[in-house]
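**Student:** Here it is: the structure, laid out below.
The values are calculated or read from the model by the stated rules, or taken from the named source; none is laboratory data. Nothing here was measured: the structure is a model prediction, and the numbers come from that model. Here the Cβ positions follow ideal geometry from the backbone for every residue, glycine too, while neighbour counts run over all protein chains shown. Accessible surface is based on the protein model in full, side chains and every heavy atom, while ligands, DNA and RNA are left aside. Shrake-Rupley method; radii C 1.70, N 1.55, O 1.52, S 1.80 Å.
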Amino acid sequence: MNKSLLFTVAAAATAVLWAAPASAQFVDHDAVKCAPVPKAEMRPQMELQRKLTSEGWKVRQVKDFNGCYEVYGFDEKGQRTEAFFDPKTFEKVGQVKQPS
(Lines give C-alpha, C1' and ligand atoms only; values in the text may rest on other atoms or scores of the structure.)
Protein backbone atom coordinates (compact mmCIF):
# COMPACT_ATOMS: atom_id res chain seq x y z
CA MET A 1 0.00 0.00 0.00
CA ASN A 2 1.50 3.36 -0.95
CA LYS A 3 1.98 6.10 1.64
CA SER A 4 -0.60 8.42 0.08
CA LEU A 5 -3.35 5.80 0.22
CA LEU A 6 -2.36 4.75 3.74
CA PHE A 7 -2.53 8.37 4.91
CA THR A 8 -5.97 8.83 3.28
CA VAL A 9 -7.35 5.69 4.95
CA ALA A 10 -5.92 6.71 8.33
CA ALA A 11 -7.34 10.24 8.01
CA ALA A 12 -10.78 8.90 7.09
CA ALA A 13 -10.79 6.45 10.02
CA THR A 14 -9.79 9.23 12.40
CA ALA A 15 -12.56 11.50 11.09
CA VAL A 16 -15.15 8.76 11.64
CA LEU A 17 -13.95 8.11 15.18
CA TRP A 18 -14.09 11.82 16.06
CA ALA A 19 -17.49 12.37 14.42
CA ALA A 20 -19.28 9.41 16.01
CA PRO A 21 -19.42 10.70 19.61
CA ALA A 22 -20.28 14.22 18.48
CA SER A 23 -23.27 13.04 16.47
CA ALA A 24 -24.94 11.70 19.61
CA GLN A 25 -24.22 14.86 21.56
CA PHE A 26 -25.63 18.12 20.24
CA VAL A 27 -28.70 17.91 18.04
CA ASP A 28 -31.35 20.12 16.53
CA HIS A 29 -34.41 19.81 18.80
CA ASP A 30 -36.90 19.17 16.01
CA ALA A 31 -34.66 16.61 14.29
CA VAL A 32 -34.53 14.23 17.27
CA LYS A 33 -36.36 10.97 16.72
CA CYS A 34 -36.05 7.63 18.45
CA ALA A 35 -36.81 4.28 16.87
CA PRO A 36 -40.37 3.10 17.57
CA VAL A 37 -40.66 1.05 20.76
CA PRO A 38 -43.81 -0.89 21.69
CA LYS A 39 -45.50 0.69 24.69
CA ALA A 40 -45.05 -2.53 26.68
CA GLU A 41 -41.25 -2.27 26.24
CA MET A 42 -40.96 1.38 27.29
CA ARG A 43 -39.52 1.83 30.75
CA PRO A 44 -41.29 4.32 33.05
CA GLN A 45 -40.25 7.97 32.89
CA MET A 46 -39.92 7.99 36.68
CA GLU A 47 -37.29 5.23 36.42
CA LEU A 48 -35.23 7.44 34.07
CA GLN A 49 -35.64 10.37 36.45
CA ARG A 50 -34.42 8.27 39.41
CA LYS A 51 -31.45 7.00 37.36
CA LEU A 52 -30.40 10.50 36.33
CA THR A 53 -30.90 11.86 39.87
CA SER A 54 -28.64 9.11 41.22
CA GLU A 55 -26.00 10.26 38.69
CA GLY A 56 -26.15 13.84 40.02
CA TRP A 57 -28.73 15.37 37.68
CA LYS A 58 -31.46 17.73 38.87
CA VAL A 59 -34.42 16.77 36.69
CA ARG A 60 -37.14 19.39 36.22
CA GLN A 61 -39.34 17.57 33.69
CA VAL A 62 -39.47 14.38 31.61
CA LYS A 63 -41.85 14.10 28.66
CA ASP A 64 -42.38 12.18 25.42
CA PHE A 65 -41.03 13.74 22.23
CA ASN A 66 -40.80 11.98 18.83
CA GLY A 67 -40.54 8.57 20.47
CA CYS A 68 -37.84 9.69 22.93
CA TYR A 69 -37.90 10.80 26.53
CA GLU A 70 -37.02 14.49 26.64
CA VAL A 71 -35.42 15.61 29.90
CA TYR A 72 -35.14 19.22 31.10
CA GLY A 73 -32.93 20.07 34.04
CA PHE A 74 -29.30 20.27 35.10
CA ASP A 75 -26.76 17.56 34.34
CA GLU A 76 -24.16 16.10 36.72
CA LYS A 77 -21.90 19.10 36.06
CA GLY A 78 -24.64 21.56 37.02
CA GLN A 79 -25.12 22.68 33.41
CA ARG A 80 -28.66 23.48 32.25
CA THR A 81 -29.61 20.81 29.73
CA GLU A 82 -32.29 19.47 27.46
CA ALA A 83 -31.43 15.87 26.59
CA PHE A 84 -33.13 12.98 24.81
CA PHE A 85 -33.07 9.32 25.85
CA ASP A 86 -34.21 6.06 24.30
CA PRO A 87 -37.31 4.97 26.28
CA LYS A 88 -36.30 1.29 26.26
CA THR A 89 -32.56 1.46 27.02
CA PHE A 90 -32.23 4.97 28.55
CA GLU A 91 -29.29 5.51 26.18
CA LYS A 92 -28.72 9.23 25.62
CA VAL A 93 -29.45 9.92 21.95
CA GLY A 94 -28.81 13.65 21.87
CA GLN A 95 -28.72 16.95 23.64
CA VAL A 96 -29.72 20.45 22.59
CA LYS A 97 -26.84 22.89 22.90
CA GLN A 98 -27.73 25.54 25.47
CA PRO A 99 -26.84 29.18 24.85
CA SER A 100 -23.70 30.35 26.63
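**Student:** Would you grab the residues whose amide H sits under 5 Å from the one on residue 81? Only those 5+ places off in sequence or on another chain, please, with H modelled 1.01 Å from N.
**Tutor:** Placed amide hydrogens put 73, 74, 75 under 5 Å from residue 81.
**Student:** Just to confirm the filter: which chymotrypsin sites (Phe, Trp or Tyr not before Pro) across region 66-100 are DSSP coil and have at most 14 other Cβ within 10 angstrom of their Cβ?
**Tutor:** Working: sites: 69, 72, 74, 84, 85, 90; in loops: 90.
Within region 66-100, the qualifying chymotrypsin sites (Phe, Trp or Tyr not before Pro) (loop, at most 14 other Cβ atoms within 10 Å) are 90.
**Student:** Given a cut-off of under 8 Å on Cα pairs at least six residues apart, what relative contact order in percent is computed for region 55-94? Let's see the in-between values first.
**Tutor:** Numbers: 74 pairs, mean separation 12.5, N = 40.
Once divided by the residue count of region 55-94, the mean separation gives 31 percent.
**Student:** What FRET efficiency, computed as 1/(1 + (r/R0)^6) with R0 = 30 Å and r the Cβ-Cβ distance, is obtained for residue 40 and residue 65, rounded to the nearest 0.05?
**Tutor:** The computed FRET efficiency comes out at 0.90.
**Student:** For region 24-92, which trypsin sites (Lys or Arg not before Pro) are both in a DSSP coil and crowded by at most 12 other Cβ atoms within 10 Å?
**Tutor:** Loop-located and lightly packed - 77.
**Student:** Could I ask something else about it? Along the charge dipole of region 28-81, which of 67, 44, 34 sits closest to the positive end, that is, farthest toward it, with unit charges on the beta carbon of Lys, Arg, Asp and Glu (+1, +1, -1, -1)?
**Tutor:** Going by the Cα projections, it comes out as 44.
**Student:** Rounded to the nearest 10 Å², what accessible area does residue 28 have for a 1.4 Å probe in the complete protein model?
**Tutor:** 100 Å²
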